[in-house]
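The structure appears below as structure tokens.
The values are calculated or read from the model by the stated rules, or taken from the named source; none is laboratory data. These numbers were taken from a predicted model, which means no experiment stands behind them. Because the Cβ atoms are built from the backbone with ideal geometry, glycine has one as well, and the counts that use them run over all protein chains shown.
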Amino acid sequence: MGVLRIVRQLFHWGPIVALTIIFFISSITVHCVLMYWPLYTDGGIINFLVFIMWNFLTLWNYFQAVIKGPGFVPFNWRPARKEHCEKLQYCELCESYKAPRSHHCRKCDRCVMKMDHHCPWINTCCGHFNHGNFTYFLFFAPCGCLHALFILIPSIYKALNFTWYLHYGSRDHLVYLGIGGFLCCMFAIGLAIGVIIAVGLLLVIQLKSILKNETGIETWIIEKAEDRDRDEEEEEDFIYPYHLGWRKNLAQVFTWSGRPKSDGFTWDVVDGCDQFTFTEEQLKQKALKRDRTQECIIVDDYSGALFPLSKGCGMCCGIPCTDEPRIPVKKGDIVKVTRWKKKWLYGTKCMTDNEKSSGKRRERGWFPRCCARDYVSNTSNGQPDLQIPSSDKKEN
């Protein structure tokens, strides 16, 4: 079953594209290096082995990130002590309590331990158990591409500079590419530069998160906690419990054994905090979100299309810049709205008793603002009027 899971995971556009780019750059570079710096020289052997090392370390950590996975909270998981259930969030989809620092991923359809983000290139989440290997992959891939550039660019120059052959009168070290080989080299150079820039930026982001012992989701929660502390002037400011200092933070992820320090359920915390400090903050924010929730009634159908041309060009220009889903809605549907933008709303569709009894899963996502009206208030002309603010706001 484990092998089949890995095969299914790799048979996805993300891993296929990522591995194709790696193998394409590597094969073109090896083809050039064997002509540019042959293996019968000591320098050629060293150069070739170093390049192969980058490829091995890149692929090793890539597949380790895929095989290990982020770590999932078991279905129907409960804390050992019953009284701790009140301090944890409950996931209705997994029918289990969420361990501290875990979040439900709608793409993996599981609660993920210390979830940072869902990465399409490995077709799973970057989380607790594979965070280290994923970061190593982000480091070694640009290193290999940078080495490839130092081989490919001189190879093209040498292939175009025929005076090399005319001057030395020998075919030694002559790089011959042809039209097809030249185009492949140029394409490989473009891919290598793209990998260095894109993956390098992602590496910087991940290292910043690791040094602070924060995930991307936790950074967002911290920002909202600090905003609330300023607005409400609470006596006790929120303290992030997992920032142990950059050295200890690094030791939480990078270990000689390859396994992170925590088991995914209990975590090292700073003095004055406990295992539930961060979860309690999340529960407070969830309560505030429920207080701000507004029920809306759908007055116009929406198919769930990414670009709803029937709603006007302005609606297409203002679509949310996110990979969160869109939900189809029909006239008469009731939606609980928790987030809003100028032209789009984000909410959860209310299910009927029959839908609940049939086991239908909840639907939530974005839909056009023009399709909804406030379910409670009415204007003087008898038509429902949506009272949600028009300004963009960050809501969880």
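For the range 233-260, filtering for residues that are part of a loop (DSSP other than H, G, I, E, B) and within 23 Å of Glu280 (Cα to Cα) leaves 13.
Of all the listed residues (Arg259, Arg230), the sole one being farther than 30 Å from Lys311 by Cβ and at pLDDT 90 or above is Arg259. The set of residues in the range 310-346 being within 26 Å of His117 (Cα to Cα) and of a type in the set (Ser, Thr, Tyr) consists of Thr322, Thr338, Tyr346. Anything in the range 44-66 that is within 21 Å of the chain's Cα centre (by Cα) and either among the hydroxyl-bearing types (Ser, Thr, Tyr) or surrounded by fewer than 16 Cβ atoms within 10 Å (Cβ to Cβ) (or both)? List them, or say none. Across the range 44-66, the qualifying residues are Thr58, Trp60, Tyr62.
Kindly list the number of the only condition in (1) at pLDDT below 95; (2) crowded, with 24+ Cβ neighbours inside 10 Å that fails for Thr41. Result: Thr41 fails condition (2) only.
Just checking, which of Lys158, Lys114, Lys107 is under 30 Å from Arg8 (Cα atoms) and modelled with pLDDT under 95?
Lys107
Pairing each residue of the range 179-195 that is assigned by TED's automatic domain parsing to the domain that holds Cys143 with any residue that is surrounded by 14 or more Cβ atoms within 10 Å (Cβ to Cβ) and of a type in the set (Phe, Trp, Tyr), provided the two are 6+ apart or on different chains, yields C-beta distances under 7 Å for Ala188/Phe24; Leu191/Phe24. When the range 288-340 is filtered for residues that are of a type in the set (D, E, K, R), closer than 18 Å to Thr352 by Cα, without any contact (Cβ under 8 Å) to a residue 60 or more places away in the chain and assigned to a strand (DSSP E or B), only Lys336 remains. Asp274: more than 30 Å from Ser102 (Cβ to Cβ), of a type in the set (D, E, K, R) and either in a loop (DSSP other than H, G, I, E, B) or modelled with pLDDT of 90 or more (or both), yes or no? It is false that Asp274 is more than 30 Å from Ser102 (Cβ to Cβ), of a type in the set (D, E, K, R) and either in a loop (DSSP other than H, G, I, E, B) or modelled with pLDDT of 90 or more (or both).
For the range 245-261, check the following and say yes or no: at least one residue is touching a residue at least 24 places away in the same chain (Cβ under 8 Å) and on the phi > 0 side of the Ramachandran plot. Scanning the range 245-261 turns up at least one residue that is touching a residue at least 24 places away in the same chain (Cβ under 8 Å) and on the phi > 0 side of the Ramachandran plot.
If you go through the range 78-106, how many residues are in a loop (DSSP other than H, G, I, E, B) and under 23 Å from Arg5 (Cα atoms)?
5
Look at the range 121-135: where a residue is part of a helix (DSSP H, G or I) and a partner is among the polar types (S, T, N, Q), sitting 6+ places away or on another chain with Cβ atoms under 6 Å, you get Asn133/Asn61; Asn133/Gln64; Thr135/Gln206.
Considered as a group, the residues in the range 233-254 that are under 14 Å from Thr277 (Cβ atoms) and acidic (Asp, Glu) include one that is modelled with the lowest pLDDT, and that residue is Glu236. Taken over the range 323-349, the criterion of being at pLDDT below 90 and in contact with an Asp or Glu (Cβ under 8 Å, 6 or more places away or on another chain) is satisfied by Thr338, Arg339, Trp340, Lys341, Lys342.
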